[in-house]
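Below is one structure, written out as structure tokens; comments come after it.
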Amino acid sequence: MDARHFIHLRLKERELNGAHVTDREHIGFNGRVALLITNAVGTMWCAYIFAAIALVSLPEAIKGGIAPLIAWIAQTFLQLVLLSVIMVGQKVAAAASDKQALQTYNDAEALLKIQDEVHQLIEVNNNLTAEIHRAICAKQGPEA
């Protein structure tokens with residue numbers, strides 16, 4: 001029986017590429033510009049600035065009555081402030097997702113290596129079993 005062992009091609013590929021996370025994503029020029037703007041607007045400090053800007057027009061909305069006040073809340077305050085807050089939440093969720101993906105990658109990598117080792121042990125076991133079988137057959141003679 002042939003005792004050669006070949007490393008699975010997927011293991012070689014995984015060693016070269018590593019885990020796929022958002023930091024290593026190819027985005028190009030437009031993607032970099034969008035990422036720059038997203039990182040600037042998607043902060044809690046930006047949400048605080050937007051809230052302050054929105055509060056400047058609050059007195060006029062209050063003077064206008066119920067309809068202008070509701071319009072101010074919906075169209076000015078919520079849109080300005082929630083935009084940044086939602087972006088912050090997405091960044092937190094993406095970081096958690098990357099962390100989970102990396103952990104899953106590491107777990108899968110460990111399982112692939114364990115499977116590879118088990119495969120090697122099975123090959124050794126098969127070879128030893130064949131040798132034992134040949135030795136027993138040789139001692140018993142040709143009548144067996």
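Every number in this text was worked out from the coordinates using simple rules, so none of it is lab data. Worth saying up front: this structure is predicted, and the values here are computed from it rather than measured. Glycine gets a Cβ as well: all are built from the backbone with ideal geometry, and neighbour counts include every protein chain shown.
Tabulated data
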{"quantity": "Magnitude of the charge dipole, the chain, Cβ model with Lys/Arg +1 and Asp/Glu -1, debye to 20", "calculated": "460"}
{"quantity": "Dipole of the chain, positive direction: furthest Cα of Ala101, Val33, Leu121, with charges on the beta-carbon", "calculated": "Val33"}
{"quantity": "Backbone HN-Hα couplings from phi across segment 45-58 [Karplus 6.51/-1.76/1.60, Hz, Gly and Pro as x]", "calculated": "4, 5, 4, 5, 5, 4, 5, 5, 4, 5, 5, 4, 8, 4"}
{"quantity": "Computed E for Val56/Val92 - FRET, C-beta separation, R0 25 angstrom, nearest 0.05", "calculated": "0.30"}
{"quantity": "Karplus 3J(HN,Hα) series, Hz, for segment 113-125 with 6.51 cos²θ - 1.76 cosθ + 1.60 (x for Gly, Pro)", "calculated": "5, 4, 4, 5, 5, 4, 4, 4, 5, 5, 4, 4, 4"}
{"quantity": "Rg(Cα)/(2.2 N^0.38 Å) for segment 65-132, N = residue count", "calculated": "2.61"}
{"quantity": "Given charges at Cβ of Lys, Arg, Asp, Glu: the chain dipole, positive-most of Leu58, Ala130, Gln90", "calculated": "Leu58"}
{"quantity": "Count of lysine pairs in the chain with Cα separation under 26 Å (8 or more residues apart, or interchain)", "calculated": "4"}
{"quantity": "Kirkwood Rh and Cα Rg combined as Rg over Rh, evaluated for the chain", "calculated": "1.47"}
{"quantity": "Mean ellipticity per residue at 222 nm, deg cm²/dmol - from DSSP H runs of n ≥ 4 across the chain, formula -39500 (n - 2.57)", "calculated": "-26000 deg cm²/dmol"}
{"quantity": "Net dipole in debye of segment 78-144 [+1 Lys, Arg Cβ; -1 Asp, Glu Cβ; about Cα centre; nearest 20]", "calculated": "240"}
{"quantity": "Cα-based helix-to-principal-axis angle, 28-41 vs the chain, degrees rounded to 10", "calculated": "60"}
{"quantity": "Derived scalar couplings ³J(HN,Hα) [segment 73-78; Karplus, 6.51 cos²θ - 1.76 cosθ + 1.60; whole Hz; x for Gly, Pro]", "calculated": "4, 6, 8, 9, 5, 4"}
